[in-house]
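Data first, discussion second: the structure below is written as structure tokens.
The values are calculated or read from the model by the stated rules, or taken from the named source; none is laboratory data. From a predicted model like this one, the values you see are computed outputs, not experimental measurements. Please note: Cβ atoms are built from the backbone with ideal geometry, for glycine as well, and neighbour counts cover all protein chains shown.
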């Protein structure tokens with residue numbers, strides 16, 4: 001009974017969001033920006049309330065012995081609320097993508113055709129843990145003229161509800177329709193399934209979180225999903241690499257922040273430089289506490305002190321200070337390894353040979369490919385997009401870092417003077 | 001047992017296509033064009049064989065009392081084979097989209113980022129009846145650097161097999177990998193389901209055919225699908241329309257070719273011009289054999305001689321000489337009607353009022369919107385794309401007519417000099 005009622009409520013939410021998105025598409029940038037500013041102020045003003053509600057989640061998480069990283073991601077404090085407000089102010093500064101003319105062409109019969117950027121409509125965001133996602137995503141979706149339905153993780157139940165209610169209240173005095181933002185606060189997976197079945201009202205689902213959640217969403221959704229399951233990123237050190245540069249790049253890609261999707265998980269080294277490169281490199285890693293899992297040739301060079309990599313290691317996203325290392329015979333073998341075991345996210349080559357770099361760039365089937373740079377740059381901010389709503393390893397619609405433009409679609413406007421088809 | 005074997009064969013096909021698409025991505029335009037030319041010649045040379053095999057399908061279709069339009073769509077004759085060859089030659093002339101630089105930007109840290117158009121990978125095309133789709137789709141997919149897996153309808157079994165074998169043989173002397181094109185020739189829906197589950201190898205599914213087939217594909221596919229279910233297209237005649245122009249446009253949109261997705265199915269007329277416009281317009285239609293189904297106000301104006309439109313009529317794609325007609329009170333009512341009952345395909349307004357046109361263009365949520373032109377122009381050739389692989393009413397990746405560009409994706413190439421993230 002309770003379930004039935006909550007499911008009906010989700011369907012009504014989706015219907016209302018669909019109606020609101022028609023109004024959203026017509027709003028000027030200044031109306032949207034004014035709303036974002038009010039929302040930012042409201043977060044700062046609501047600080048005490050937000051922290052109080054967040055404490056409920058934190059206490060529950062501690063009672064359930066959640067891991068330290070989860071509790072950290074869950075925590076709202078003065079600094080983090082300030083960052084959430086700042087994210088909304090930053091979104092104000094981003095160029096409004098709606099209405100951008102992507103192409104104009106005139107046909108021989110005189111028809112003038114314009115391809116125009118428009119909002120997508122209703123976007124569903126499914127996420128875990130971090131309560132800041134609630135305000136970040138609302139800001140970006142609204143700025144791109146979309147309505148949004150959020151479903152956060154049950155561990156952040158009180159925090160998300162609090163953030164959402166503060167933002168929703170801030171909309172009261174703006175021209176943004178109240179029904180443009182929604183939070184699904186039922187905590188069961190059945191509610192998620194109801195949301196994922198609303199293909200009539202919801203245009204796009206973006207899941208953000210662990211691989212388990214994302215696979216669940218991709219398998220159960222009847223709405224298009226843009227996602228990345230994981231980031232198994234590689235750096236290939238070629239035979240003509242600047243080895244000093246390679247050491248710095250590989251170290252950065254693995255160690256600077258190991259828990260994120262653009263960190264390196266596997267290092268590939270050409271056999272011609274392996275004996276020179278690996279001992280120094282692996283010493284660096286070991287000093288930083290990185291556990292190495294090597295192929296037989298790596299172990300031959302470094303000694304049996306390092307673990308043997310198993311077949312499973314090549315497709316593992318460690319998200320930790322662990323690295324698999326493989327010596328390869330050729331660029332082709334490196335490319336083949338990356339295309340076979342990688343996750344099509346971010347992969348790098350270190351080389352001074354432009355031809356080799358070119359073949360790597362053309363042959364590796366990943367969203368972002370690097371020559372002589374760290375894979376850690378795959379990020380909407382680092383790319384200069386000013387924001388990031390996620391990273392896509394899919395090939396349709398959006399690939400790589402996604403920001404405002406990726407939250408839009410287009411339509412064709414055709415201007416005639418009575419043309420008919422003969 | 002037989003089923004198991006055919007299913008394994010489909011999985012192997014998908015695997016081989018995936019391997020071939022890596023090679024395809026590296027081919028130059030001239031290699032691809034040479035292959036298209038050879039395929040065109042092979043079709044012309046194989047004419048007698050193709051017609052012989054097609055006769056088998058036609059005889060079976062007649063035995064099973066298939067409708068005349070289906071038998072017409074199924075027929076291959078000298079003229080049609082010539083058109084198939086011509087389509088391949090036309091594809092040669094199209095600009096190769098692969099490698100196009102979509103954006104270039106330099107970051108403050110010196111990183112140079114290029115956004116480059118690349119092939120999607122392996123594309124599955126599911127279609128019915130028309131054997132020309134076999135060669136048209138192979139041509140377009142190859143030109144955009146993709147591998148392709150085709151699954152035609154069982155009614156065109158022999159014809160598709162013949163066209164495919166002629167094209168595949170033509171590839172022998174080219175640098176296109178043999179495994180870049182595949183035809184699933186098992187005729188059961190279970191085989192289709194196996195294909196739709198190969199998300200590891202197949203990147204995109206495009207279904208072409210009746211609404212039933214497309215719904216089946218969309219519901220069963222784990223691979224992204226780009227589609228349109230149907231075209232319920234509208235023309236709205238506003239209060240400030242040039243009524244003579246409106247008559248010509250509406251007549252063209254309904255009558256010129258009623259069996260296609262961009263034909264008008266519902267005509268909306270503002271109440272202020274209904275009494276002047278409808279009698280003449282409906283006389284035109286009736287002379288052309290169009291059955292009218294009217295709302296109460298239409299019947300008030302025209303007389304009870306015309307059928308009453310039921311609720312179902314507003315979302316019906318007749319694909320025939322039938323038209324539903326509704327008198328509306330305002331532009332807003334027209335917009336609301338189109339967004340509620342339409343299929344988000346192609347909709348037109350007839351008006352001399354630029355403000356009214358603008359509100360229509362901004363508010364109607366369809367792929368193609370027309371001011372003072374016939375909806376019949378929604379077509380890749382009419383838009384100047386030189387080809388059409390389908391029309392999308394989806395909002396992600398591609399919307400409206402799809403041609404070569406829509407068969408591509410992009411990747412980011414990032415050029416550094418040792419940059420690391422701090």
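Computed quantities for the displayed model
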{"item": "Residue check for residue A:217: within 23 Å of residue A:390 (Cα to Cα) and under 19 Å from the mean Cα position of the chain (by Cα)", "result": "yes"}
{"item": "Residues that are within 14 Å of another protein chain (Cβ to nearest Cβ) and under 18 Å from residue A:36 (Cα atoms), drawn from region A:123-138", "result": "A:123"}
{"item": "Selected residue [touching a residue at least 24 places away in the same chain (Cβ under 8 Å) and within 14 Å of another protein chain (Cβ to nearest Cβ)] from A:142, A:150, A:167, A:112", "result": "A:112"}
{"item": "First in region B:62-73 and within 13 Å of residue B:159 (Cβ to Cβ) and not assigned by TED's automatic domain parsing to the domain that holds residue B:130, second anywhere and outside any loop (DSSP other than H, G, I, E, B) and at pLDDT below 90, Cβ under 8 Å, 6 or more apart", "result": "none"}
{"item": "Residue A:358 being surrounded by fewer than 23 Cβ atoms within 10 Å (Cβ to Cβ), under 21 Å from residue B:409 (Cα atoms) and more than 24 Å from the chain's Cα centre (by Cα)", "result": "yes"}
{"item": "Criterion: touching a helix residue (DSSP H, G or I) at 6+ places or on another chain (Cβ under 6 Å), surrounded by fewer than 19 Cβ atoms within 10 Å (Cβ to Cβ), part of a helix (DSSP H, G or I) and touching a residue at least 40 places away in the same chain (Cβ under 8 Å) - qualifying residue of B:36, B:44", "result": "B:44"}
{"item": "Region A:397-418, residues that are surrounded by fewer than 21 Cβ atoms within 10 Å (Cβ to Cβ) and without any contact (Cβ under 8 Å) to a residue 40 or more places away in the chain", "result": "A:418"}
{"item": "Matching residues, region A:394-422, being facing chain B (nearest Cβ under 7 Å) and either assigned to a strand (DSSP E or B) or farther than 29 Å from residue B:366 by Cβ (or both)", "result": "A:400, A:409, A:410, A:411, A:412, A:413, A:414, A:415, A:416, A:417, A:418, A:419"}
{"item": "Complete set of residues in region B:355-388 that are farther than 19 Å from residue B:231 by Cβ, more than 7 Å from every other protein chain (Cβ to nearest Cβ), in contact with a helix residue (DSSP H, G or I) (Cβ under 7 Å, 6 or more places away or on another chain) and assigned to a helix (DSSP H, G or I)", "result": "B:356, B:359"}
{"item": "The one condition in (1) over 26 Å from the mean Cα position of the chain (by Cα); (2) assigned by TED's automatic domain parsing to the domain that holds residue A:120 that residue A:293 fails to fulfil", "result": "(2)"}
{"item": "Residue within region B:188-211 that is within 26 Å of residue B:337 (Cα to Cα) and free of Cβ contacts under 8 Å to residues at least 12 places away in the same chain present", "result": "no"}
{"item": "Matching strands (runs of 3 or more DSSP E) fully within region B:72-144 where at least 3 residues are under 19 Å from residue B:164 (Cβ atoms)", "result": "B:122-127"}
{"item": "All positions within region A:86-96 that are farther than 12 Å from residue A:133 by Cα and surrounded by 12 or more Cβ atoms within 10 Å (Cβ to Cβ)", "result": "A:86, A:89, A:90, A:91, A:92, A:94, A:96"}
{"item": "Which numbered condition residue B:391 fails, given (1) at the interface with another protein chain (Cβ under 7 Å from one of its Cβ atoms); (2) part of a strand (DSSP E or B)", "result": "(1)"}
